[in-house]
Amino acid sequence: MTSIHLDNAAKRFGRATVLNDINLEIEDGEFCVFLGPSGCGKSTLLRMIAGIETLTQGELKIGDQRMNEALPAERRVAMVFQNYALYPHMSVYENMAFGLKQAKTPKDQIVERVGEAARILQIENLLERKPKELSGGQRQRVAIGRAIVRQPAVFLFDEPLSNLDAALRVHMRTEIANLHRKFPEASMIYVTHDQTEAMALADKIVLLRAGDDVITKGSIAQTGSPLELYHRPKNLFVAGFLGSPSMNFLPVTLVAASEDGARVKLDSDEELFVPVSAGHLPIGAKLTLGIRPEHMTPVGEAVTEQVFSRALNAVENFGEYSFLYLSESTDAPMIAKVSDETEVSLRGAIKFQIRPELCHLFDEAGDALTHLNPAPKSISFDATAL
Ligand SMILES: Nc1ncnc2c1ncn2[C@@H]1O[C@H](COP(=O)(O)OP(=O)(O)O)[C@@H](O)[C@H]1O
Ligand SMILES: [Mg+2]
């Protein structure tokens, strides 16, 4: 049993509350990513699970066991740090064997486990080298190897790829996904501020937000699968954090609400229909409409349903797609991400059509109105059927 439960957990350093009201369940064998902006408390939360920080309040369980008072070594967790934390005077082999020696593991078992980890990570030919003779990617592999040899129930990664260059980061990301497949029993918790890494790796994302004032900080903004968070963000923070470029937000007014959804009017007087539950709101309510740049489809003059027009300010071509920068009455720039084949002119206005189910509406408190249709499903296929 390697499930992890946090029940009403909080962390305070002196008078500053760094984490508040953390309720969390990570299932057996799950790959869970703690995602959020810098300083929101991701590392602190990971360190509380590792036993490097104590909980100020609440309970931590690993399996069925309360772990608040357990020493790090008793928790069957292994942590991989961003800065590798290797011993510079020891060889790769000695670095990986060190923890096992300390735990008085028999010599033959140490040899076997280090050999196996080196094989999995393809660093067998590096065992005699010192850390300074390794590249960044190789060092990170050794750090991961040191975690593997301990045969932990839970792997904890704190931004392990942040020190690597972009190409290597993508490569190591797929290696970490492979590692998860090689140890399907182990749960993994992976901290990152990088939404692409989170979307690529996670079964479950825990998106943390920093509080608005200096006293109260990190809390959970939403927990769910990558696509749940992308298609069904619960609030403006989640909607704006995931996706690049960010979701466009436009002020709108509610003009009609029925069982099927809401009709809203933009400042430019165009109206859009959004299939969300809005029956509890008065006509005239001020709302925020959310539209992702990649969901804006340029259409011809003849199309009149579910459309709005904007003047074009600038274009950026990237080959595969283009960003169109559109004029907005408010300060916030509006961006459409369209196929590069789209012909646009900097003189005219462009008309966009938006599928109703791809629109989002948020109330004055910033909470999303509930969608009436299920979120689009992720693509899954059975590899054995190929
Ligand atoms: N030992 C500490 N004492 C006081 N404040 C701390 C300590 N460790 C972390 N913090 C504060 O807690 C907040 C969250 O830090 P951290 O968990 O490192 O954030 P993240 O990993 O999300 O960037 C930050 O404001 C940080 O300054
Ligand atoms: Mg951190």
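Values as computed for the structure displayed
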| item | result |
| --- | --- |
| Region 215-279: GluC sites (Glu not before Pro) falling in loop per DSSP and having at most 12 other Cβ within 10 Å | 259 |
| Most to least accessible of 54, 192 (protein chains only, probe 1.4 Å) | 54, 192 |
| Volume of the Cα convex hull of the chain, divided per residue and given in Å³ | 196 |
| Selection of GluC sites (Glu not before Pro), region 129-187, meeting DSSP coil and at most 16 other Cβ within 10 Å | 185 |
| Average accessible area per residue (Å²) across region 4-240 - probe 1.4 Å, nucleic acids and ligands excluded | 46 |
| Cα→Cβ-extended label distance, 7 Å offset, between residue 294 and residue 277, nm | 2.9 |
| Inter-site label distance for residue 327 and residue 182 at 7 Å from Cα along Cβ, in nm | 5.8 |
| Calculated FRET value between residue 81 and residue 302, using beta carbons and R₀ = 51 Å, to 0.05 | 0.30 |
| Leading residue at positive end of dipole, region 246-362 (Cβ point charges), from 319, 296, 248 | 248 |
| Subset of 61/182; 101/182; 42/107 violating a 28 Å alpha-carbon distance limit | 42/107 |
| Probe 1.4 Å, all protein chains present, accessible-area order of 343, 197, 128, largest first | 343, 128, 197 |
| Signed unit charges on C-beta, dipole axis of region 4-240, positive-most listed residue 238, 23, 137 | 137 |
| Proximal aspartates and glutamates to residue 265, defined as alpha-carbon separation beneath 14 angstrom and excluding residues fewer than eight positions away on the same chain | 305 |
| The chain, dipole about Cα centre (Lys/Arg Cβ +1, Asp/Glu Cβ -1), debye to the nearest 20 | 1600 |
| Solvent-accessible area per residue, Å², over region 246-362 with all protein chains present [probe radius 1.4 Å] | 50 |
| Set of aspartates and glutamates near residue 286 by C-alpha distance (under 12 Å), chain-local residues within fewer than 8 positions excluded | 267, 363, 364 |
| Mean Kyte hydropathy of -1.0 or more with a Cα span along the axis of at least 15 Å, helices from DSSP in the chain | 92-102, 107-121, 136-148, 166-182 |
| The chain - share of DSSP beta bridges that are antiparallel (%, nearest 5) | 75 |
| Percent carbon-and-sulfur accessible area, the chain, ignoring ligands, DNA and RNA, probe 1.4 Å | 49 |
| Cut-off of 10 Å, at most 13 other beta carbons, DSSP loop: longest stretch of the chain lacking such chymotrypsin sites (Phe, Trp or Tyr not before Pro) | 1-317 |
| Area of residue 193 that stays accessible when all protein chains are in place (1.4 Å probe, Å², to 10) | 100 |
| Trypsin sites (Lys or Arg not before Pro) within region 64-171: DSSP coil, no more than 13 neighbouring Cβ in 10 Å | 104 |
| Among 117, 16, 239: highest mean-square fluctuation, GNM of the chain, C-alpha pairs under 10 Å | 16 |
| Exposure rank, largest accessible area first [71, 127, 161; 1.4 Å] | 71, 127, 161 |
| Cα-projected label distance for residue 341 with residue 375, points at 7 Å along beta-carbon direction, nm | 3.1 |
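The values are calculated or read from the model by the stated rules, or taken from the named source; none is laboratory data. Here the structure is a predicted model, which means the values were calculated and not measured. Here the Cβ is made from the backbone with ideal geometry for all residues, glycine too, and neighbour counts use every protein chain on show. The accessibility values were calculated without ligands, DNA or RNA, using every heavy atom of the protein model including side chains. Shrake-Rupley method; radii C 1.70, N 1.55, O 1.52, S 1.80 Å.
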